[in-house]
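Structure first, commentary second.
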Amino acid sequence: MSTKKKTAWNAGLIAALLILLFLLEQVLPSSSMLFTVLKKGAIYALVAVSMNLLNGFTGLFSLGQAGFMLLGAYTYAIFTIPVESRNSVYQYFDGGIIQFTLPVPVALIAGGIVAAVFAYLIGLPVLRLKSDYLAIATLGFAEIIRAVFQWDKLGPITNGSNLLRNFPSFRSVIFPFVAAGICIALIVMLINSTYGRAFKAIRDDEIAAEAMGINLAHHKRLAFVISSFFAGISGGLLAMYQTTIQASMFKSAMTYEILLIVVIGGIGSVTGSCISSFLFIACSEWWLRFLDNENLYIGGFHVPLLRPGFRKVVFAVVIMAVVLFYRQGIMGTREFSVEGISNFFKKKLSGKKEKKGGSSRE
Amino acid sequence: MSKENVLKVENVTMQFGGVIAVDNMNLEVDKGEIVSLIGPNGAGKTTAFNVITGVYAPTNGAVYYKGNKIIQNYPQGKMKKLYRGENPMTYTGQHAIAPTPDKITRLGIARTFQNIRLFKSQTVFENILIAKHMLRTSNIFTATFKLNGKEEARMRRESEELLHLMELDDVRDEPATSLPYGKQRHLEIARALATKPELLLLDEPAAGMNPQETLELTRFIGRIRDDFGLTIFMIEHHMDLVMEISDRIYVLDFGKPIAEGTPEEVRNNPRVIEAYLGGAQDE
Ligand SMILES: Nc1ncnc2c1ncn2[C@@H]1O[C@H](COP(=O)(O)OP(=O)(O)OP(=O)(O)O)[C@@H](O)[C@H]1O
Ligand SMILES: [Mg+2]
């Protein structure tokens, strides 16, 4: 398939998706669970892809996602709370010290930049060491940053352990889709560039990559900083989605959720991360909700075991099963693409013709 | 041909803890030469390569590339007491030079690995293309936004040419590690050539090849030397290959060079026969 044709197909699909979302919003009530899943799913897809860039494509294991999201979320919130409501938000800190606002897109990008700067500083010492240290250092960083942001002394900026609120949020599901979509597209373009090839080379064999003239420290730092940048942006988006934020939200459990999404989707597959993000959010927020309903009757039969929290048990079992039986995740390292699908159908069609002749190789 | 020195190894000792793997090695390779390094298993040949390419900093000694000192070290820290090699005082007090392997490659020294190290999740073509990364002039923004179209096209064209040269066209899009052994070694050479080296280090390029393949490889190495204006320094066990294409041979035993000369001289050197050739014939 020619590049032009591919681009046309992709553009068409994106347009169709956006129109579909728009129509859904006209038809369904805005309280529908579907929108919750779509909004949160898009944001988690972005952070999962950013984690995959590092873990799946560069072979570096970082567990700092929640910390970088926190930085992005706080940066976004701090710079977008309207000046007139700062007195009520920062009520214990005399309205805080920041008395201006940035436009929403600028504040989102600023969140990414703050996260990237922290990643750069952490990376300086840690990325010279074996990759296991990165996991430990980033996990520690995420824990420390959460504590620091709740510290009263920083209250004039962070509002201490109190909520940040009143910052602009989004109502339409189109916004997170477009924002996350642009970011994911950028990551995909990076992966397909010569730098992406260098990242994959490092993942496959550090020694060989180095022998091919690839500066390991430089490229690892690039991947880490870029991954954290996009985690920061997704943190800003998450703040918009939640409408209020608090440092205590960004626990390491959040990082593990994202890691699970990456593993289930396939380490090294961008589309896998996206698909699994929506599935994961749908399962945890929506599809399994009925399991929490103690009084579920099918006909006259009172379904046993169900009680609040049972959903989480089932969810855990489902995830274990997926991880055990789908080692490679849903997608492995493959990607879902227009070309792939058209090839699939072409093969199916030609396969049918060949079937009569006997063996067809698949 | 006027002699122009490309590689010079000077008093290099590599000691791992108490084990001396390379013991006061001195050797020179001139422009356009094919020089072989031979010696029994465990003699320290690969270790010598690893020192030259920056994988290990030598315990003592220096390496020069085209007349410039690129590596230098002397026994420091714990090694001060442990060091059992020669010439410890020669470099003491001078600053240590320890470039990373990627820097060495960018200087123009490329290598292949004895235990093949291909990028396993990548296709044959991509393996070569990756090596073109170090010659980029684009930065991460121009590369991501595809503003480096010309350069990308050049990288791909040159990789295709190497693919063709190594007769790997027909397996272009196969996973690199699915190739038979001999082809994987070819791919490693193609990948090294993709960095446009002046000095090529080959670590047992014919290992695992049958006599027919070895013969073809022998001719091939001679050909790339001429076509690319290369200097080749190679470790090899196949004596037919070594004797046929080497201009000079260094023989290593227990980390120490025991002989040096043309294939004729080395073949008739009694120390070599005793230490190595005699043993090899028994194998
Ligand atoms: N990283 C290391 N740490 C400790 N000892 C090492 C290390 N690398 C090599 N050695 C030792 O150095 C000696 C020389 O090994 P080397 O691999 O250089 O031999 P070689 O001449 O390449 O042998 P072969 O023909 O089997 O490839 C061996 O005794 C080996 O155990
Ligand atoms: Mg060896």
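How much accessible area per residue does the range A:32-345 have, in Å², with a 1.4 Å probe? Mind showing how you got there, number by number?
On the way: 13110 Å² over 314 residues.
On a per-residue basis, 42 Å².
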Item to check | Nearest-10 value in Å² for the accessible area of A:Val317, using the 1.4 Å probe | outcome: 80 Å²
Item to check | Among A:Tyr326, A:Ala66, A:Pro105 the positive-end extreme of the charge dipole of the protein assembly as shown (Cβ point charges) | outcome: A:Pro105
Next on the checklist: Using a 1.4 Å probe on the protein heavy atoms, what percent of the accessible area of the range A:32-345 belongs to carbon and sulfur?
Outcome noted: 67 percent
Item to check | Cα-Cα over 29 Å, subset of B:Lys78/B:Lys256; A:Lys220/A:Lys251; B:Lys120/B:Lys146; A:Lys347/B:Lys120; B:Lys80/B:Lys120; B:Lys45/B:Lys80 | outcome: B:Lys80/B:Lys120
Checklist entry - Can you give the net charge of the other residues whose Cβ lies under 14 Å from the Cβ of A:Ile275, counting K and R as +1 and D and E as -1? => result 0
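Please state the relative contact order of chain A as a whole percent: Cα pairs under 8 Å, 6+ residues apart? Show your work: numbers first, answer last.
Values: 543 pairs, mean separation 97.5, N = 362.
Once divided by the residue count of chain A, the mean separation gives 27 percent.
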Next on the checklist: When only alpha-carbon atoms are used, what values of Rg and Dmax, in angstrom, describe the range B:194-282?
Outcome noted: 13.7, 41
Checklist entry - Equivalent-ellipsoid semi-axes (√(5λ), Cα gyration tensor) for the range A:52-178, whole Å, largest first? => result 30, 19, 11
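Counting only heavy atoms of the protein chains, get the accessible area per residue of chain B (1.4 Å probe) and round it to a whole Å² value.
For chain B, the solvent-accessible area averages 45 Å² per residue.
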Checklist outcome for this item: For the range B:152-197, inverting the pair-averaged 1/r of distinct alpha-carbon atoms gives a Kirkwood value in Å of 10.8 Å
Next on the checklist: Treating only the Cα positions of the range B:117-196 as identical point scatterers, give the base-10 log of I(q)/I(0) from the Debye formula at each q in 0.14 Å⁻¹.
Outcome noted: -0.44
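Carbon-plus-sulfur fraction of the accessible area of the range B:61-209, 1.4 Å probe, in percent?
Working: 3710 of 6850 Å².
Within the range B:61-209, the accessible surface is 54 percent carbon and sulfur.
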Item to check | For the protein assembly as shown, the Rg and Dmax computed from alpha carbons only, in angstrom | outcome: 30.2, 100
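So if R0 is 45 Å, what FRET efficiency would B:Arg267 and A:Gln328 give, r being the distance between their Cβ atoms, rounded to the nearest 0.05?
With a Förster radius of 45 Å, E is 0.25.
Where does the charge balance sit around B:Gln212 when Lys and Arg score +1, Asp and Glu -1, over other residues with C-beta under 15 Å from its C-beta? Working shown, then result.
Details: positive: B:Lys183, B:Arg185, B:Arg219; negative: B:Glu167, B:Glu213, B:Glu216, B:Asp240, B:Glu244.
Around B:Gln212, the surrounding residues sum to -2.
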Next on the checklist: No solvent, one uniform scatterer per C-alpha: report log10 I(q)/I(0) for the range A:32-345 via the Debye equation at q = 0.12, 0.14, 0.16 1/Å, two decimals.
Outcome noted: -0.84, -1.09, -1.32
Checklist entry - Name the residues of the range A:185-210 whose accessible area falls by at least 40 Å² when all protein chains are present instead of the chain alone, probe 1.4 Å? => result A:Met189, A:Thr194, A:Tyr195, A:Arg197, A:Asp204, A:Asp205, A:Ile207, A:Ala208, A:Glu210
Next on the checklist: What is the distance in Å between the Cα centroid of the range A:244-292 and that of the range B:85-145?
Outcome noted: 39 Å
Checklist entry - In whole Å, what are the Cα extents of the range A:126-236 along the three principal axes, biggest one first? => result 52, 36, 17
Item to check | Unit Cα scatterers, Debye sum, the range B:1-147: log10 I(q)/I(0) for q = 0.11, 0.13 Å⁻¹ | outcome: -0.53, -0.70
Next on the checklist: Looking at the protein assembly as shown only, what percent of DSSP beta bridges run antiparallel? Nearest 5 please.
Outcome noted: 65 percent
Checklist entry - So which residue, out of B:Gln72, B:Gln184, B:Gln212, gets the largest mean-square fluctuation from a GNM of chain B using Cα contacts under 10 Å as springs? => result B:Gln212
Next on the checklist: Before we go on, tell me the buried accessible area for the A/B pair, both chains summed, 1.4 Å probe, in Å² to the nearest 100.
Outcome noted: 2600 Å²
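If you count the DSSP beta bridges with both ends in chain B, what percent of them are antiparallel, to the nearest 5? Don't skip to the answer; put the middle values down first.
Numbers: 25 of 41 bridges.
That works out to approximately 60 percent antiparallel.
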Item to check | Euclidean distance between Cα centres, the range A:1-65 to the range A:315-341, Å | outcome: 17 Å
Checklist entry - How big is the gap, in Å, between the Cα center of the range A:138-176 and the Cα center of the range B:20-76? => result 55 Å
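The values are calculated or read from the model by the stated rules, or taken from the named source; none is laboratory data. Not measured: the values here are computed from a predicted model. Cβ sites come from the backbone with ideal geometry, for glycine too, and all protein chains shown count toward neighbours. Heavy atoms of the whole protein, side chains included, go into the accessibility calculation; ligands, DNA and RNA do not. Shrake-Rupley method; radii C 1.70, N 1.55, O 1.52, S 1.80 Å.
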